[in-house]
1. With more than 16 Å from the ligand (Cβ to nearest atom), open to solvent by less than 40 Å² (accessible area, probe 1.4 Å), assigned by TED's automatic domain parsing to the domain that holds Asp183 and within 23 Å of Glu224 (Cβ to Cβ) as the only criterion, which of Gly143, Gly170 stands out?
2. Which residues, taken from segment 58-82, are within 11 Å of the ligand (Cβ to nearest atom), over 21 Å from Ser121 (Cβ atoms) and open to solvent by 50 Å² or more (accessible area, probe 1.4 Å)?
3. Restricting attention to strands (runs of 3 or more DSSP E) lying wholly within segment 198-265, give those where 2 or more residues are in contact with a Pro (Cβ under 7 Å, 6 or more places away or on another chain), surrounded by 17 or more Cβ atoms within 10 Å (Cβ to Cβ) and in contact (Cβ under 8 Å) with a residue 12 or more places away in the chain.
4. Among the residues of segment 238-260, what is the count of those that are more than 13 Å from Ile3 (Cα to Cα) and under 12 Å from the mean Cα position of the chain (by Cα)?
5. Do we find that Ala175 is part of a helix (DSSP H, G or I) and closer than 19 Å to Arg235 by Cβ in this structure?
6. Tell me yes or no: at least one residue of segment 6-13 is open to solvent by 60 Å² or more (accessible area, probe 1.4 Å), over 18 Å from Phe124 (Cβ atoms) and not in a helix (DSSP H, G or I).
7. Select, from Leu181, Leu151, the only residue that is outside the structural domain of Gly241 (by TED's automatic domain parsing), touching a strand residue (DSSP E or B) at 6+ places or on another chain (Cβ under 7 Å) and open to solvent by less than 40 Å² (accessible area, probe 1.4 Å).
8. Filter segment 104-129 down to the residues that are in contact with a helix residue (DSSP H, G or I) (Cβ under 9 Å, 6 or more places away or on another chain) and free of Cβ contacts under 8 Å to residues at least 40 places away in the same chain, then identify the one that is most open to solvent (accessible area, probe 1.4 Å).
Amino acid sequence: MRIGIVGGAGRMGQMLIREVAATKDATLSGATERPGAGAVGRDLGTLVGLEPMGLTLTDDAPTLFANSDAVIDFTSPAATLAHAELAASLRTALIVGTTGLSSDDHAKLAEAATRTPLVVSANFSLGVTLLAGLVRKVAATLGPDWDIEVLEMHHRHKVDAPSGTALALGRAAAAGRGVALEDVKDAVRDGHTGARRAGDIGFATLRGGDVVGDHTVMFATDAERLELTHKAGSRAIFARGAVRAALWAAGKPAGLYSMDDVLGL
Ligand code: NAD
């Protein structure tokens with residue numbers, strides 16, 4: 001089982017190289033970076049603080065996809081769309097962790113998934129996958145007099161907000177209520193906003209330090225509040241989940257899959 005990594009010099013990319021190297025059922029087929037990235041040409045082992053591996057970081061995505069059963073992509077939306085097209089044309093499984101994807105981007109991924117297996121998740125941790133299921137159930141149980149708010153905090157380098165995970169949790173809550181998140185989402189509050197609109201799902205974003213990812217979904221009504229929280233302590237949990245998804249997806253029929261499918265939930 002040959003697994004390749006795109007964005008290999010990134011924070012998640014390096015973690016993924018280490019995780020694949022430590023997985024006994026998998027062989028690292030290589031890793032790429034964007035053309036012009038400073039790390040291109042470096043040995044993958046020394047790049048991630050391990051012994052030399054005899055594999056170098058390249059900017060040649062087509063060769064990596066041709067030589068891999070599955071490729072893991074935690075990069076940027078534009079890069080991920082290009083990788084999805086490559087994966088579809090070469091029938092390589094693609095695991096997508098990139099966040100900040102628009103609904104148009106998601107539609108393009110769905111199209112690529114008609115030709116090859118794609119596993120797409122804003123959060124590859126077991127805990128958050130379970131949390132989303134709980135949120136959906138709680139939202140379906142509690143009536144409209146319970147307000148739903150999603151609070152998240154991430155490290156100072158994160159470029160998109162609210163986080164992909166916060167939006168996925170909001171979607172799970174909306175699904176529990178039988179509404180579309182787009183119709184009830186309230187992500188920006190500043191100045192004289194007026195009172196909270198009944199039925200809205202609110203989002204609040206904190207950024208700072210090296211926080212890997214904290215998410216809390218709050219259900220608040222008069223004199224009572226229920227809070228469901230997940231805290232990620234290390235990016236290794238996302239890498240572990242993504243490698244598990246890659247092992248699961250290779251050889252599956254074309255289709256758009258989620259972490260629920262990988263975990264059999
Ligand atoms: P990062 O900026 O450290 O890494 C991204 C890397 O992708 C960079 O090294 C960049 O040069 C590289 N890249 C960009 N274009 C490329 C291309 N065309 N080909 C190859 N490489 C390319 O960011 P990060 O912290 O590693 O996060 C990456 C993405 O993963 C973000 O969208 C983040 O939100 C997401 N993320 C998802 C999860 C999850 O579980 N789904 C967990 C953590 C982070």
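1. On the way: Gly170 fails: more than 16 Å from the ligand (Cβ to nearest atom).
Result: Gly143 is the single residue among Gly143, Gly170 that is more than 16 Å from the ligand (Cβ to nearest atom), open to solvent by less than 40 Å² (accessible area, probe 1.4 Å), assigned by TED's automatic domain parsing to the domain that holds Asp183 and within 23 Å of Glu224 (Cβ to Cβ).
2. Start the filter on segment 58-82 by keeping residues that are within 11 Å of the ligand (Cβ to nearest atom), which leaves 58-61, 64, 71-82.
Filter again for over 21 Å from Ser121 (Cβ atoms), leaving 58-61, 64.
Asp59, Asp60 - these are the residues of segment 58-82 that are within 11 Å of the ligand (Cβ to nearest atom), over 21 Å from Ser121 (Cβ atoms) and open to solvent by 50 Å² or more (accessible area, probe 1.4 Å).
3. Numbers: elements: 201-207, 213-221, 224-232, 255-257.
In segment 198-265, the matching strands (runs of 3 or more DSSP E) lie at 201-207.
4. Looking only at that region, the number is 4.
5. Working: part of a helix (DSSP H, G or I): yes; closer than 19 Å to Arg235 by Cβ: no.
No: the conditions fail for Ala175.
6. Quick first cut of segment 6-13, residues open to solvent by 60 Å² or more (accessible area, probe 1.4 Å) only: 11.
The next check asks that each one be over 18 Å from Phe124 (Cβ atoms); those that pass are none.
There is no residue in segment 6-13 that is open to solvent by 60 Å² or more (accessible area, probe 1.4 Å), over 18 Å from Phe124 (Cβ atoms) and not in a helix (DSSP H, G or I).
7. Numbers: Leu151 fails: open to solvent by less than 40 Å² (accessible area, probe 1.4 Å).
That would be Leu181, the only listed residue that is outside the structural domain of Gly241 (by TED's automatic domain parsing), touching a strand residue (DSSP E or B) at 6+ places or on another chain (Cβ under 7 Å) and open to solvent by less than 40 Å² (accessible area, probe 1.4 Å).
8. Filtering segment 104-129 for residues in contact with a helix residue (DSSP H, G or I) (Cβ under 9 Å, 6 or more places away or on another chain) gives 105, 108-109, 111-129.
Subsequent filtering for residues that are free of Cβ contacts under 8 Å to residues at least 40 places away in the same chain retains 105, 108, 111-112.
Values: Asp105: 24, Lys108: 109, Glu111: 88, Ala112: 2 Å².
The extreme case among them is Lys108.
The values are calculated or read from the model by the stated rules, or taken from the named source; none is laboratory data. Remember, it's a predicted structure, so these values are computed and weren't measured experimentally. Positions of Cβ are backbone-derived with ideal geometry, glycine not excepted, and every protein chain shown enters the neighbour counts. These accessible areas exclude ligands, DNA and RNA; they are computed on the full protein's heavy atoms, side chains included. Shrake-Rupley method; radii C 1.70, N 1.55, O 1.52, S 1.80 Å.
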